Every structure is written in structure tokens, then in C-alpha cells.
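Derivation of every value follows stated rules applied to the coordinates shown; laboratory data play no part. None of these values were measured; they are calculated from a predicted model. Note that each Cβ is placed from the backbone with ideal geometry, even for glycine, and that neighbours are counted across all protein chains shown.
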Amino acid sequence: MAGRLIAKLALLSALGTIGAAACGPIEESDGETGIGSLALGREIPIDRLLDDTNLEGDQHVTTAQVQAFLADQGSALATYSTNGRTAAQWIVDESKGQLISPVYVLARMETESGIIRSGSLSKLSKATGCGCPDGAQCDPAYANFGLQVRCAAQKMRGYLKSLATNGQTVSGWRVGVSKQTSDPCWVRPANRATAALYTYTPWVGAYGIGCGTSKWGGSSLVAGLYKTFRPAFDVAPAECAGGDGLYCGGNGVSGDGATLYRCTSGAVAVVEKCATTCERSSGGALDKCASPAPPPPPPPAEPACTLGNGLYCGGNGTPGDPTVLYRCTGGTSSVVRSCALGCKRMPSGTEDACASGSACPLGDGVYCGGNGIGGSPSTLYQCTAGRITPKLECARGCRPMPAGQEDTCN
């Protein structure tokens, strides 16, 4: 079941020293999964379950290798086939078709159903837990081995794509942002692989360092099983085995998974360090750096004339300087004049106009614009013998003072 380990861990009394590695109370096993045989304690860093190159790597793994691994594990899948394909073919084809590690899918299957190390096929219909949410019945539409494998690979690819394009998964997991799991534990994913794994299974589980329920294997078990299974497939691929072309690190060439490389006659050279992620192609040597998300569109421009044709002070039905009188004609605004004594807004139905009267009705002195005189309220003006002249632009605004005191800048 995605979100928890369906197969419970074996009884402590039956596990001996192996059970002690689980670090906590262990529920009774159903006898099929063999999960209790995982020789792993709380060793998995909960903020970095796997590296991105683990989850998206292992593209060199072959059907023959998976077939041999299943046989070595005593899995009933070693002799299983459906729709003309063996279990190993389904696992390799569907995983690599989504550029997801086949070893990860093996670890996912063992976590969810224990089928990799079991001689029984009783849990075949929910092999990867796909379509089996916590606390609910499994969706019968996914009750098929091939669909289980395909669903698990597609979902993981979808989570990784969502992180690359939207910055978060469908359940809100993001790289570098803390979020609480169902254990509960606070986790800050260090990479996309970790955020994607907690999206599939929002439990740390029994193998995480410092936190995690002991009831379920959780995402820490998926990571632990991957690291347990991985050495069986540790055959280094030849550099540029896919021929000349462009490759992300780890996909036919060694190197950083977020760097794009060029293969030329077996020689590898760096093309560029990708700003976001390196996208692997499914059609050959055509990998590329992912395009950064486009910037948000600019806010829509303020309409020029919202109150119809006529004369308006700036800010009254048309954008502009409140000391300037504008004319609106057919939705277009144009300047009529700058008002020395300020622009006077009139009641609805009457056009605005420049204010009239003495330029300095309060006498000589220093005044903020709008305090007995026209002008900008953030400018200090000098009144002398009825004439007004700008004195100072106030960076922090202009402060009108009580009668008898000159106005000043803040």
C-alpha cells in the first residue's frame, strides 16, 4: 500500500538479532514478505533518502540481470509472465521507459508487497502499492502486475517532472522546504528524489535516522532496500555506450546528473551545467538541460480612462499626476495642463478643473503641497509675495505643521 508497508515486520521473538535492527516495537508478520531479514537499523538520512542519480539512474540494467536477481532472491516472479512478457521484462521496460531506476522499482515492490523475496504471488495485484492509498481499498483498475509496475514508474516520473516545472509535487513536497510526514517527522528534502519518495509514501518509517514510526517500513525502507539491492547491478557501463550525442550525467556517461555532456568517438566533454535539471530523452542521445520556468506575466496596465470622456485630475478615473489636468477621449488620456494651484476634483457630472485663487492664500512661508497651496504633497514649496516656487523634494514625505510654524520634510 503506497504510504505504508503492507507486509508487517516479523515478531521480535522470531527475528532474533535481525529484528533488533528495526529499533522499536515490531508487529506480527504475515509470514510472506521476509522484510524482517533486512539487516538495517536507523541508518537512512531522512532529508536525503536517495540521490537523484539513484532514482533516475541504473539505465544500464538489463532484463537478464533482473531475471538473475529474482531467481537469486527466490522470488516467484522469476517464473512469472503475463501478456507475453516476463516479470523481469515488465520491470525493466516500464522503469526505463520512464527513465526511472529498475532497482528502485524492485525496492518499491519489496517494500509494498514483499514479492521480490517471496515464493508466493498472492500480492501480485498490489505489487507496487500503486492505486492503494492509506486507509482505503485498492483501486481494482490497477489490480494487474504490469499495470502496477507501469503505474509506479509513471507516478515517480510525474512527481519529478512536477518538481522541475512547478517547484513542488502534487502533495506539496518541495526541495529545501520542511514538511511534516505522517509519522510525524519534520523533513526538509535535500533533493528531488527525496521529495518524490515522500510524495509516494509520506512516512519516514522504521529506518530513518532520528525520527520515524517503527510500525511501518515507509520511505526509509524503500531507500534501504535500494541500497541493499544495488550492488547486484553494480556493473559499470562503458562511457558513451550509446554512441555520439548529448547525455545527462549518469545516463550513459559518468558525472553529475545535473550536467549535460557530449560524447564524441568515446570522449566525454562538458557542454553545460544545467540551471535547473538535466532532462533525459527516451529516444536516444538527445538529453538536454531543462528550460527554467517562465517569469510570471506583468500585471495588466491600469485602464487610461475608466469614467468616460471629459476632463479629470490625475488619479481620478485616469492614472497620472494629481496636480495635472487630463482629457479623456475615446479611452485615451492626454495632458491638458499642469495646475499651479493644484487640480480640483469636481462632483460626478462636472468636469475636474485647475484650482483658482491666490497662489499663497495663507501668506508667505514654507508649505507642503496641498496644505493651502497646490502642488505635490511630497514637495516643500516657498510662498513669497503671492508667488509659489518648489523648495525641496521630500524623500520621506512632507509634514504640515500647526499655524504659525513652517511646514517641513519628514
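Under a Gaussian network description of the chain, with springs only between Cα atoms under 10 Å, the residue in L55, L362, L147 that fluctuates furthest is L362.
Judged by the mean number of other Cβ atoms found within 10 Å, the most tightly packed of the peptides 102-114, 318-330, 341-353, 56-68 leads the ranking 102-114, 56-68, 318-330, 341-353. Residue by residue, region 265-270 carries 3J(HN,Hα) couplings of 6, x, 8, 10, 9, 6 Hz when phi is fed to the Karplus relation 6.51 cos²θ - 1.76 cosθ + 1.60 (θ = phi - 60°); x denotes Gly or Pro. With equal scatterers on the alpha carbons only and no solvent term, can you work out the Debye log10 of I(q)/I(0) for region 310-354 at 0.20, 0.24 1/Å? Normalising to I(0) and taking log10 leaves -0.50, -0.72. Near C151: Cβ cut-off under 13 Å, other residues only, Lys/Arg at +1 and Asp/Glu at -1. The net charge is +2. Kindly provide log₁₀ I(q)/I(0) values, in the same order as q = 0.18, 0.19, 0.32 Å⁻¹, from the Debye equation applied to equal alpha-carbon scatterers of region 365-409. Listed by q, the Debye log ratios stand at -0.40, -0.45, -1.23. So if we plug the beta-carbon distance of R345 and W186 into 1/(1 + (r/R0)^6) with R0 = 45 Å, what FRET efficiency do we get, rounded to 0.05? In this case the efficiency is close to 0.25.
When restricted to Cα atoms, region 12-233 yields an Rg and a Dmax of 16.3, 49 Å, respectively. Would you mind calculating the relative contact order of the chain from Cα pairs under 8 angstrom and at least 6 residues apart, reporting the percent as a whole number? Computed over the chain, the figure is 11 percent. Between V268, V149, V336, the residue with the greatest mean-square fluctuation in the GNM of the chain (Cα pairs under 10 Å linked by springs) is V336. Percent of Cα-Cα pairs per 5 Å bin, from 0 to the last occupied bin, for region 73-163, please list those. Spelled out bin by bin, region 73-163 gives 3, 15, 26, 28, 18, 7, 2, 0 percent. Across the chain the C-alpha pair distances fall into 10 Å bins from zero in the proportions 5, 18, 21, 14, 6, 7, 10, 11, 7, 2, 0 percent. Comparing T194, T82, T389 in a Gaussian network model of the chain (Cα springs below 10 Å), the most mobile by mean-square fluctuation is T389. For K288, the lysines whose Cα falls under 24 Å of its own Cα, not counting residues fewer than eight places away in the same chain, are K96, K155, K161, K273. In summary, region 245-289 shows an alpha-carbon radius of gyration equal to 0.97 times the 2.2 N^0.38 Å reference for compact globular proteins. Count Lys and Arg as plus one, Asp and Glu as minus one, and take only other residues whose Cβ is under 15 Å from that of V268; the net charge is then -3.
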